[in-house]
Each structure stands twice: as C-alpha cells, then as structure tokens.
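What follows draws every value from the coordinates through simple rules; no lab data is involved. Fair warning: this is a prediction, and the values are worked out from it, not measured in the lab. Positions of Cβ are backbone-derived with ideal geometry, glycine not excepted, and every protein chain shown enters the neighbour counts.
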4 protein chains.
Amino acid sequence: MQNTIELDVRYYETDGQGVVHHANYFKYFEVARVEMLKAMGHDYADLERDGVFLVVHSVGCKFMRPARFGDTLRIVTEVVKATMARIEHRYDVFVGSYQVAQGQSVIACIDRDGNIRRMPECLAPEE
Amino acid sequence: MQNTIELDVRYYETDGQGVVHHANYFKYFEVARVEMLKAMGHDYADLERDGVFLVVHSVGCKFMRPARFGDTLRIVTEVVKATMARIEHRYDVFVGSYQVAQGQSVIACIDRDGNIRRMPECLAPEE
Amino acid sequence: MQNTIELDVRYYETDGQGVVHHANYFKYFEVARVEMLKAMGHDYADLERDGVFLVVHSVGCKFMRPARFGDTLRIVTEVVKATMARIEHRYDVFVGSYQVAQGQSVIACIDRDGNIRRMPECLAPEE
Amino acid sequence: MQNTIELDVRYYETDGQGVVHHANYFKYFEVARVEMLKAMGHDYADLERDGVFLVVHSVGCKFMRPARFGDTLRIVTEVVKATMARIEHRYDVFVGSYQVAQGQSVIACIDRDGNIRRMPECLAPEE
C-alpha cells in the first residue's frame, strides 16, 4: 500500500538557516498518514470519535538535502508492515527529482483511556 | 498586577529571515500568562482539571524590531482589565533596553462543554 | 483585490483543548498572503531572491468559534489598503457557513540589510 | 560528556490528544544541544556568525509515555561519539522518575555555502 501527496513548504516552516527545520518533517509525515487513511476511505477525525487513537511509538528520519520555501515536497508513504498491534510506515520525500529525506515510523493504537488496543480492522487489512 | 519573565529565543522559532517568526510571539504571550498565574499561586493545569478552560477571544501584536536566536526576551505582562467575563492582558517584549514587540489579548473562560462561564474568583480578584 | 483558499486543519495544529491553537491562525494568514501573491502572478521566494523582504508590522485576530481537526478552513483574504509603504490585509476564516475568525495585518517591505524600502510596484498597483 | 536541562511543557506544545505532540521532542533536543554547548562555554549564535552551521543528519526517537502540560521534562543529553565529521547525541527524557522518551541524533557541520566542513575543535575535543 502506497500513497503520494504534495505539500508546498510554508514560510514559517523554515528556520534561521533558510531551510525547512528538521522537526517539521515529522509533521509532514503525520499529514501523509492522515491523507493515506483518507485515500483508503477512512477519516482520522471519525476514528477518534469512535475511540480509536493512533499514537506514535517511534519515528526517525535521515536528511539528505535541505528543502526551502518555494519547494514543493512530494511525499511517498508506504505501509511497510501492519499487524494488529502496530503499523510501520516509510516516507520518501522528494523535491523534483532529488530525495531530501527518508523517514519511518511505528504507530500503535490506544483507546480513550490510553490503554493499548488492537488496530481497527480497517487499518490492518492483511491479518 | 504585573509579572516579568525571561525567555531565550529558541533556534526553531526563527524563520527564513533569521528572526523570530511573528506567530511565535503569541506563544510567548501564552507562556507569560501561565507564568503570571503561577506567580499568583495558581496552576493552569489544575484549573483545567477543575473544568476551567481559558480561551483566547482576541489577540494582537505590533512588532517594532526583530528578535534573533541568541537574544533573551524580557516579557512584562500586565492585567489591564479583569471582569467576571474577561481578562485583558498587555505584553511588552524587550531585548536588552530595546522594545521589540507590544501585544494585547482578551481571554474568556469556558467550561468542559465549551459554554461561557464566569471567571473563577482567583483570576478576577477585583470584583 | 480578494483571494480565497482552503486549508485542511492539520492534527498537530490542535492543542490540548482539541481545537486549533490560536497562534496558528497567523500562520494560516501567512499562507493566505503567499497564495494571494501567487494568484497575482508573483512568487514570494523570487521576491526574496530579488532582495524584497516582506515583514509583518502588526497583526491581530478575533476568534469567534473553535476550529477542529477534520475541519476545512476557507480563508478569504482581501487587500484593504495598499500604499508604497504598507499593505493592509483582512482575513475572514470560515468552516462551512460559520465564521471562526477574523484577522488583519499590516506588512511593510525591507531590503536585504533590514532597511525599510518602497513596496515593489507589483504589490502596490494602485499608486 | 553529559548535560541535564529542565523544560516546562508549554501549552501550545500539546495536541488534540492532550499530550506533547511527538514532533516537539526534536525541538527539545535542539534546545538541549544548544544548552550543552553553552555549558561547554560556547554560544551557537557566535558559531553561526563565525560561519559554522550545525545541521542535523539524522534523528530518531522512541516514545515510552505521554508528557502533558504541567509536566517538567528533565532531558539528559550525552555525546555518544564525536569525530571531525559528526557528533552523535543521545537524549533521555524524564518526567519525575519515569522515562517518557529516548532519542538520538547525528549532526554534521557545514560552512556558509552549505559545504561539509570539519567540526570546529571546540566541538570535537577528543580528536
């Protein structure tokens, strides 16, 4: 499963070095996950209303080149592994033909009280 | 009532022009309000646990000079007016002897369901 | 002159009250200004490369209703006044048929050294 | 080499789940690096003025427990490895006696033109 989105870099996302501040990539990845859900026919706001809260277990990112204001980011998101407990995503971020970053994350699922629960079926279709 | 805090500019708060992005001043003002509460012996986290939620009705800011990474901001917060319905604050932000910004805000108080409620007495002591 | 954009609320833009944090509206307004420029055929990244830096002189916002994750914001931006020294914008933000916020800003123009300069003609067409 | 700082969670750093949004940890780590430099007698603003720009090559973080508004984060930063090309840090984040997150980063050094350069001696004292 794979989904691609495009995001224009916003001016306030750049820092004093004139490039996108690295912490923002994790915000882009979150947008990419939400959009991937949407492409699968699901709405994360609805999931939360139903008591399904996705939480980030771990994230990481390698930065290859700087991205700047004026750049359009193309983010390719892929589900690398999905179990009833966790979903692993991989993110490849490009500006034009250059890769600027590669990230990954593991998300888990909790209920309204913060207890770990099984991924809803819609999110872990393979099992 | 007046309270002064000092905050070091954080690197990620600067933008592509190498100065603090203007939206961050409203975050500084929020920190200043929380610290002012604390100086008055109150803890905003406790207030929320008691069902008292402060919401911003309006804010504004005039920017006189840029602030940069490496600068320490001195923020003087003053309660300009406090009624059972609203509290007005004024914020004067300095770097050294120069004023860099002047802001103001009006906050109101809602309950857990989002309905407007009277300010708790601890926050509106004059009436 | 008027321009309308739509922005989906991003999850990380919400705060502990489950609504869009008020400081983010000033980031939305910045995106709205950049998109308005684009609609006029100009690219802010190019302007900066040409030594034209737009800086915020003052901003303000009144918040009428909360916006939440899952909401799409419709931001109507209007140039209220444009002189060689300053441009005033007004922003009306809607979710569906409800207005959630109304903001305004005054921007000025500086050169690479931080000195005030005349607005480039492309931005102040009336004079 | 190790340095410990304390940071109060700021309200705007929490998200719709009422906990610190995960992307903010990378901002905390940046503050921790700057403070570690300061504890070593160096000022990152001065380094940039001298043409030494530190850039993040990669970062990662594992999240063990949520942190909330009202919590004070204790961040223990350690230099795991320092060469002329890169410095690796490890960050352990605690609230009271509980660990909430563990992160790591690799930073490199570039000059004003964006070219990789040797770490300044003050930052890579072992070699």
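Take each residue of peptide A:96-108, count the partner chain Cβ atoms within 10 Å of its Cβ, and average: the result is 1. Prolate is the label for chain C, because a/c, from the alpha-carbon gyration tensor with a ≥ b ≥ c as root eigenvalues, is 1.5 or above and a/b exceeds b/c.
Considering only A:A82, A:A39, A:A108, the Gaussian network model of chain A with Cα springs below 10 Å gives its largest mean-square fluctuation to A:A39. The same position B:S97 in the other copies lies at 5.2, 5.8, 6.0 nm from this copy, comparing label points 7 Å beyond Cα toward the beta-carbon, shortest first.
Compute the angle between helix A:24-39 and the longest alpha-carbon principal axis of chain A, please, reported from 0 to 90 degrees and rounded to the nearest 10. Once rounded, the angle reads 50 degrees.
Between identical copies, the spacing of D:C122 label points, each set 7 Å from Cα toward the C-beta atom, reads 4.1, 4.4, 5.5 nm from nearest to farthest.
For the residue pairs A:K62/D:K62; C:K38/C:K62; B:K27/B:K62; B:K62/C:K27; D:K38/D:K81, alpha carbon separations beyond 21 Å are given by C:K38/C:K62. Centroid-to-centroid, using Cα positions, the stretch D:33-61 and the stretch B:68-127 are 33 Å apart.
Ellipticity at 222 nm from helices only: DSSP H runs of n ≥ 4 in chain D, each -39500 (n - 2.57), divided by the residue count, give -5000 deg cm²/dmol. Applying the criteria of a DSSP loop state and at most 11 other Cβ atoms within 10 Å to the trypsin sites (Lys or Arg not before Pro) of the stretch A:56-118 yields A:R112. Across the identical copies, the label point of B:R10 (7 Å from Cα in the Cβ direction) is separated from its matches by 0.5, 1.6, 1.7 nm, in order from shortest. Scanning chain D for the beta carbon that comes closest to the axis linking it by rotation to B yields D:R10, 5, distance in whole angstrom. Largest GNM mean-square fluctuation among C:A101, C:A67, C:A85, using chain C with Cα springs under 10 Å: C:A85.
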